[in-house]
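J.: My questions will all concern the structure given below.
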Amino acid sequence: MKRLRMSNNSLSGRIPIGIWSLSQLKLIDLAMNQFEGPVMGNIGEAKSLAQLFVLDNRFSGELPEEISNVSSLVEMELMYNQFSGGIPVRIGELKSLNSLHLEGNLFFGGIPQSIGSCVSLNDINLAGNSLSGDISASLGSLRGLNSLNVSDNKLFGVIPASLSSLKLSLIDLSNDMLVGQVPESLLVEAYDGSFAGNPGLSADDGKSLR
């Protein structure tokens, strides 16, 4: 079996542990159901998996570090569940990962520095979690990054100057706890509202950004 597609039903319960480790699977699509429980650590054995879609369920627990062994992963959409714990520190081993969507969960801790090693990343959405600490300066090394959303977290510190070198079509850092000046290159009309809800942020003219 190469594709498991069970999306948009009213299925519930836990996924049998053996599903996660099927070595020939290229696609797991369990989106928009009521599945619960964790993603098991044996997912690291799914050596062919390219697309993991489990959005809009009731999955919970920590994302296993073993997911970083799935070097074939291109798209990971885990949003709108109840995942918690930290983002795996070895996530940088996913060199083929193009799209990372973790928004609307309960992740906490920092954004791993290793994320800057995910050289294929085009789209990152970590919004609506409880992430804290600095925005990782390593994000600035992702030359193909097109969209970055880390809004509605508890991130603090300054916006890394390294983000100025990116050619982003979307950036949303709103409703965090950031301070300092927004790099001038990010203050363009296309990003209007991207920095709102950070009382400590200001433009280069000293005006606060609402």
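The values are calculated or read from the model by the stated rules, or taken from the named source; none is laboratory data. Please read all numbers here as calculations on a predicted model, not as lab measurements. Cβ placement follows ideal geometry from the backbone for every residue including glycine, while neighbour counts extend to all protein chains displayed. Keep in mind that these areas ignore ligands, DNA and RNA; they rest on the heavy atoms of the full protein, side chains included. Shrake-Rupley method; radii C 1.70, N 1.55, O 1.52, S 1.80 Å.
J.: Quick check on the stretch 198-207. Is at least one of its residues open to solvent by less than 10 Å² (accessible area, probe 1.4 Å) and within 18 Å of the chain's Cα centre (by Cα)?
T.: no
J.: Just to verify a result, which residue in the stretch 167-185, among those that are of a type in the set (A, V, I, L, M) and open to solvent by less than 70 Å² (accessible area, probe 1.4 Å), is farthest from G197 (Cα to Cα)?
T.: Of everything passing the filter in the stretch 167-185, L168 is farthest from G197 (Cα to Cα).
J.: A follow-up question, please. When the stretch 10-28 is examined, which residues are found to be more than 25 Å from S71 (Cβ to Cβ) and at pLDDT 95 or above?
T.: Of everything in the stretch 10-28, those that are more than 25 Å from S71 (Cβ to Cβ) and at pLDDT 95 or above turn out to be L11, S12, G13, R14.
J.: Considering every residue within the stretch 155-166, establish whether at least one is at pLDDT 95 or above, in contact with an Asp or Glu (Cβ under 9 Å, 6 or more places away or on another chain), under 19 Å from L100 (Cα atoms) and surrounded by 19 or more Cβ atoms within 10 Å (Cβ to Cβ).
T.: Taking every residue of the stretch 155-166 in turn, at least one turns out to be at pLDDT 95 or above, in contact with an Asp or Glu (Cβ under 9 Å, 6 or more places away or on another chain), under 19 Å from L100 (Cα atoms) and surrounded by 19 or more Cβ atoms within 10 Å (Cβ to Cβ).
J.: Only one residue in I91, I124, I115 is closer than 21 Å to W20 by Cα and of a type in the set (V, I, T). Which one?
T.: I91
J.: In this structure, does Q82 turn out to be in contact with a strand residue (DSSP E or B) (Cβ under 6 Å, 6 or more places away or on another chain) and open to solvent by 50 Å² or more (accessible area, probe 1.4 Å)?
T.: Judged against the criteria, Q82 is a match.
J.: Can you pull out the residues in the stretch 60-74 that are at negative phi and either without any contact (Cβ under 8 Å) to a residue 24 or more places away in the chain or open to solvent by less than 50 Å² (accessible area, probe 1.4 Å) (or both)?
T.: S60, L63, P64, I67, S68, V70, S72, L73
J.: Right, here's the next one. Mind listing whichever residues of the stretch 64-93 are in a loop (DSSP other than H, G, I, E, B), among the polar types (S, T, N, Q) and touching a helix residue (DSSP H, G or I) at 6+ places or on another chain (Cβ under 8 Å)?
T.: Hit for the stretch 64-93 is S71, nothing else.
J.: Six or more apart or on different chains, Cβ under 8 Å: which pairs go from a residue in the stretch 34-57 that's more than 13 Å from L78 (Cα to Cα) and hydrophobic (A, V, I, L, M, F, W, C) to one that's open to solvent by 40 Å² or more (accessible area, probe 1.4 Å) and assigned to a loop (DSSP other than H, G, I, E, B)? Could you list them?
T.: Correct list of pairs: A46/L22; A46/S23; L49/K26; A50/K26; A50/V74; A50/S96.
J.: Count, please, the residues in the stretch 13-35 that happen to be within 21 Å of Q82 (Cα to Cα) and open to solvent by 80 Å² or more (accessible area, probe 1.4 Å).
T.: Residues flagged as within 21 Å of Q82 (Cα to Cα) and open to solvent by 80 Å² or more (accessible area, probe 1.4 Å) within the stretch 13-35 amount to 4.
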